[in-house]
Amino acid sequence: MFLQHLVDGILSGAIIALGAIGLSFTMKILRFANFSHSELLTWGAYFAVVFFAMAGVFGNPFAAPIAPFSFGWPLLVALVFSAVSTSVLALVLHRLVYRRLSRTAGHMTMVFASFGVALLLRNFVLLIFGADPIYYSTALQFAIRLPGGIRVMPDQVFLLGLTVVIVIALHLFMTRSRTGISMRAVSENPDLARVSGVNTDTIIAWVWVIGASGAAIAGVLYGLTVQLRPELGFALILPLFAAAILGGTGSLYGAVIGGLVVGISENLSVMVIPSTYKPAVPFLLILAVLYFRPEGLFGERNT
Amino acid sequence: MTRLLKILAFGLAATLGVAGAASAQDCPIKLGAILPVSGPMGQVGERIAETGAFAVEVMNEAGGIKGCDVEYVLRDTQGQSTVGVDAAKSLVDLEGVQALVGAVSSGVSLPVLTSVAVPSKVVQISCCSSSESFTALAEEGKTEGYWFRTYATNRSQSAMGALVASNQGYKKTAVIYVNTDFGVGLAKRFEQDLAKLGGTITSMVAYNENQQSYRAEVTAALAGDPDSLFLVAFPVDGATITREWLSLGGTGNLIVNNSLRSDDYFKAVGHQYLQDMIGYDSAQPRLPSVDSFNEMFQARFDGPPNGPGLHSVFDAVMVTLLAMEMSDELTGTNIRDNMRMVTSSDGTEVYPTVEGLMKAKELIAAGQPIRYVGATGALQFDANGDVQAPKMTWKLDGETNVETGYYTTEEVAALIARLDG
C-alpha cells in the first residue's frame, strides 16, 4: 500500500506542480499572492469543454483514442486551445484589474482584489456551465497493474510525462532565451531591469501567459482524470499555495518539488491519520515551512 | 427630541400591534422549507423541493388552509449547516413561519432543530434526515416534541446494507462513507450489523465532501483486497469515488445507500459498470394511496417519482398542512400537538388527492380524527417523531432501475430485533 500511495502522490503532485509554477512566478515577479490563480485552472478545464463542443461538429474527440490513453489527438489540440484562451483571460484580468491597481494600491489591496476576481471567475463558470459536474468523456479508464501491485492509469502517466516536458522546456526558456533571462532580471530587481532596457510590461505579460498556460494544462488534465466542477480550482488553492511557498517563490524547480511534496504527503497521510484530516496536511506544510525556512526550500533570502 | 421619540415609539407599537393581531388569519399562510437546492446534494435537493411545492399546489387546489392559500417559502441550505441555520432563522423571524420542512442532511437538520426550531417553538419535519442522533435527542426530551420525520432512521438502513452483503455471500467488505452525522452513524452501525451476519470489514474510510479527487481514500479502502464495497455517499462525490474505485481495480460488487439511487449518479459513472451494484431504499407500501400519488406525480412532472425523498417530502408537507388546518390558532405548539391527530390510527382514512383533502377538511371541521394515508402509506409517528417504513432492494438491469426484493415494515422490524438481540 505504501508504494501505491507514493505513486498516487507523485501523480497528483504533478498537477499541483503545474499549477504552482504559475502561482510561484506571479508571486515573485508581480509581488502579490494571487488567489485568483486557482480559478485559471477551472477556466482552463472548461475552455476545453467549449473546444470539445465545437470539435464535436467534426466527430467525437474520444472516438479514436491513441492506446493506451483514453483520448486521441484532439485532446492535445484542446490543451493548446485552452492554454491560449486562459492566457487571454489572464491578460485581460491583468489589464482591467491588476495593472491599474499595482500603480497605486498596496500589496494587501492586490491580494483582496485577487479574492474578488476569484469569486467572479468561479461564479461565471457556475453561470455559464451550471453546477452539475461535467465529464469530457464518461468512458471509464481502467488502471494497469505495474510490478509490485501498483495500479496507475495511463492518462496519469501521460500527465506526469507532460509535466516533465513542460518543466524542461521552461528551464531552457528561463536560462537560454533573452525573454527568460529578462524575466529573471525583473524578478530580481524591477527598477534595475528597467534602466537596463528591459521592457517590464512585456515581461509581465509573459509571466501571465506562462502561469495561465500551466494552469490551463493542469486544469484540463485534472478534469480528464476526475470530473469538472466549478470548484475544481478552488479546491486546489491550498495545495497550490503550499507548493509555491514550500518550494520558494519564483523558483521553477521549487514549485515542482513543492507540488510533489504536497501530493505525496497528502496521499501518505491517510496511512497514519484518518482520511478526513487529509485536507489539513497542506496547512501543516505551510506552517512548518514558514516556521523553519520562510524563504522556502529553493527560495533566496531577501536581502 | 422626546416628542420625536414618543412618535417613534407610538408608530412602532402601532405597527407591531397591527402585525400581531393580523398574524392569526393572515393570508397567505406560509410554510417554510429549507432544502439543499444547490451544493453537493443539489441534484437530489431540487427534485425534493419541487415535490414539496407540488404538495402545496395540491392543497391549494383543494381550497388551501383555513380559507387561505398556502405560500411555500423555500430557502437553500447549500447542504451546509451554517447556511441552513441562517435560512431557518430568517424564515422563522422574518417570514413568521410556524412549521419548517427540512432539511435533507442530518448534519443540517440537527443544528436547525436545536438552535432554531426548538427555541422558537416551531415544528420541524424532515423528509430525509435519518440519523439516530434525533431519536437519542428526543428520548432525552431535548426536541420538546417539535421534531418529526417521514423517513425511517439509519437503523433500518444499516441493517438492510448488512443483509444485502450477507445474502450476496460477500465475505470481506470495505466501507467508504461521507464524513457527516448521517454517514458516520450509518457506517458505524453497519460495522456492528455486518459482524452479526457473519461478514468482516476490511477497512472503514471516511471522506470529506466536495473534494475534486478521492484517490487517497480509494487506495486506502482497497487495502485488504475486499470482495465488496459499501458506499455511503451522495451522487456528485459518489460518482467521483465510484469511478476512481473502479479505475483503480476495485470490485464492481457495490452496495450503495439510497441517496445513490439517482439517474445522475448512474449516468456519471456509466450504467455498464454498475451492473453488479445492489442498493436499498425505503419502499412504498403496496397501497392504492401510493399508486394515486405516483399517478398525480407522473401527470404533473411528466415522469415517475424516482429518486430519494420525493414520497417522504410530499407526506411531510401534507401532514403538516393538515395539522395546521386542525389548529385553532396557527402556532408551532398547536401544529405539533395535531401532528398525531391527523395520523391517528382510529381516524377516518383520507388520501392526498384534491377530493381526499376536501373530505379531510370537512372531517376536521366536524372535529373528527383523521388518518392520513399518503405517498409513503399510513404514517405513524412514534413518541420520538420517528416512522417505520418498508424497505426494498434494487439493482440496474441495463439502464433500468429494477426492484429485486421487498421487505414489509414487520420484516424490517424483525431484522432489526435480530441484529440488536
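Residue by residue through region B:88-110, note down the ones that are assigned to a helix (DSSP H, G or I) and under 17 Å from B:Leu330 (Cβ atoms).
Listed by number, the residues that qualify are B:Leu91, B:Val92, B:Asp93.
Just to be sure I understand, how many residues within region B:84-102 are farther than 16 Å from B:Glu50 by Cβ and within 18 Å of the chain's Cα centre (by Cα)?
Residues flagged as farther than 16 Å from B:Glu50 by Cβ and within 18 Å of the chain's Cα centre (by Cα) within region B:84-102 amount to 6.
Among the listed residues A:Val261, A:Val256, A:Val270, identify the single one that is more than 28 Å from A:Ser70 (Cα to Cα) and touching a residue at least 12 places away in the same chain (Cβ under 8 Å).
Working: A:Val261 fails: more than 28 Å from A:Ser70 (Cα to Cα); A:Val256 fails: more than 28 Å from A:Ser70 (Cα to Cα).
Within the list A:Val261, A:Val256, A:Val270, the selection yields A:Val270.
Within the group B:Tyr214, B:Tyr177, B:Tyr207, which residue is under 21 Å from the mean Cα position of the chain (by Cα), among the hydroxyl-bearing types (Ser, Thr, Tyr) and closer than 20 Å to A:Val226 by Cβ?
Numbers: B:Tyr214 fails: under 21 Å from the mean Cα position of the chain (by Cα); B:Tyr207 fails: under 21 Å from the mean Cα position of the chain (by Cα).
Matching residue, one of B:Tyr214, B:Tyr177, B:Tyr207: B:Tyr177.
For residues that are surrounded by fewer than 24 Cβ atoms within 10 Å (Cβ to Cβ) and within 14 Å of chain B (Cβ to nearest Cβ), tally how many sit in region A:196-224.
Residues that pass the stated criteria total 0.
Check A:Leu119, A:Leu126, A:Leu159 and return the single one that is assigned to a helix (DSSP H, G or I), at negative phi, facing another protein chain (nearest Cβ under 10 Å) and modelled with pLDDT of 85 or more. Break it down into steps so the answer makes sense when it comes.
Values: A:Leu119 fails: facing another protein chain (nearest Cβ under 10 Å); A:Leu159 fails: facing another protein chain (nearest Cβ under 10 Å).
Selected residue: A:Leu126, the only one of A:Leu119, A:Leu126, A:Leu159 that is assigned to a helix (DSSP H, G or I), at negative phi, facing another protein chain (nearest Cβ under 10 Å) and modelled with pLDDT of 85 or more.
Would you point out the residue of region B:42-73, among those that are assigned to a helix (DSSP H, G or I) and charged (D, E, K, R), that is surrounded by the most Cβ atoms within 10 Å (Cβ to Cβ)?
Among those that are assigned to a helix (DSSP H, G or I) and charged (D, E, K, R), it is B:Arg47.
If a residue counts only when it is among the hydroxyl-bearing types (Ser, Thr, Tyr), surrounded by fewer than 22 Cβ atoms within 10 Å (Cβ to Cβ) and free of Cβ contacts under 8 Å to residues at least 60 places away in the same chain, which helices (runs of 4 or more DSSP H) contained entirely in region A:1-112 have at least 2 such residues?
Correct list: empty, since no element meets the threshold.
Report, by residue number, each residue of region B:74-87 that is of a type in the set (Gly, Ala, Ser) and in a helix (DSSP H, G or I).
Residues satisfying the conditions are B:Ser81, B:Gly84, B:Ala87.
Go through region B:121-158 residue by residue and tally those that are charged (D, E, K, R) and touching a strand residue (DSSP E or B) at 6+ places or on another chain (Cβ under 8 Å).
1
Does B:Gly374 satisfy the criteria of being assigned by TED's automatic domain parsing to the domain that holds B:Val101, surrounded by 14 or more Cβ atoms within 10 Å (Cβ to Cβ) and under 29 Å from B:Asp264 (Cβ atoms)?
The answer is yes for B:Gly374.
Might you let me know whether region B:135-147 holds any residue that is buried (at least 23 other Cβ atoms within 10 Å of the Cβ), in contact (Cβ under 8 Å) with a residue 24 or more places away in the chain and assigned to a loop (DSSP other than H, G, I, E, B)?
Within region B:135-147, one or more residues are buried (at least 23 other Cβ atoms within 10 Å of the Cβ), in contact (Cβ under 8 Å) with a residue 24 or more places away in the chain and assigned to a loop (DSSP other than H, G, I, E, B).
Restricting to region A:249-280, count the residues that are closer than 18 Å to B:Ala220 by Cβ, surrounded by fewer than 22 Cβ atoms within 10 Å (Cβ to Cβ) and within 19 Å of the chain's Cα centre (by Cα).
3
Within region A:89-101, can you find the residues that are more than 23 Å from the chain's Cα centre (by Cα) and either of a type outside the set (Lys, Arg) or within 15 Å of A:Ser36 (Cα to Cα) (or both)?
Answer for region A:89-101, where residues must be more than 23 Å from the chain's Cα centre (by Cα) and either of a type outside the set (Lys, Arg) or within 15 Å of A:Ser36 (Cα to Cα) (or both): just A:Leu101.
Just give me the residues in region B:176-201 being away from chain A (no Cβ under 12 Å) and among the β-branched types (Val, Ile, Thr), in sequence order.
B:Thr200, B:Ile201
Within region B:267-283, which residues are more than 10 Å from chain A (Cβ to nearest Cβ) and touching a Pro at 6+ places or on another chain (Cβ under 9 Å)?
Correct list: B:Asp281, B:Ser282, B:Ala283.
Quick check: is even one residue across region B:211-222 part of a helix (DSSP H, G or I), surrounded by fewer than 19 Cβ atoms within 10 Å (Cβ to Cβ) and out of contact with any Leu (no Cβ under 9 Å at 6 or more places or on another chain)?
So far as region B:211-222 goes, no, none of its residues is part of a helix (DSSP H, G or I), surrounded by fewer than 19 Cβ atoms within 10 Å (Cβ to Cβ) and out of contact with any Leu (no Cβ under 9 Å at 6 or more places or on another chain).
So which residues in region B:242-261 are surrounded by fewer than 23 Cβ atoms within 10 Å (Cβ to Cβ), within 12 Å of chain A (Cβ to nearest Cβ) and outside any helix (DSSP H, G or I), if there are any at all?
Hits for region B:242-261 are B:Leu248, B:Gly249, B:Gly252.
Of all residues being crowded, with 24+ Cβ neighbours inside 10 Å and part of a loop (DSSP other than H, G, I, E, B) in region B:111-134, which is modelled with the highest pLDDT? Just the residue, please.
B:Val122
Residue under question is B:Ser259, and the condition is that it be of a type outside the set (Lys, Arg) and over 25 Å from B:Gly185 (Cα atoms); does it hold?
It is false that B:Ser259 is of a type outside the set (Lys, Arg) and over 25 Å from B:Gly185 (Cα atoms).
Out of everything in region B:38-61 that is over 16 Å from the mean Cα position of the chain (by Cα) and of a type in the set (D, E, K, R), what residue ends up being farthest from the other protein chains (Cβ to nearest Cβ)?
B:Glu61
The values are calculated or read from the model by the stated rules, or taken from the named source; none is laboratory data. All values reported here derive from a predicted model rather than from experimental measurement. No Cβ is skipped: glycine too gets one built from the backbone with ideal geometry, and neighbour counts run over all protein chains shown.
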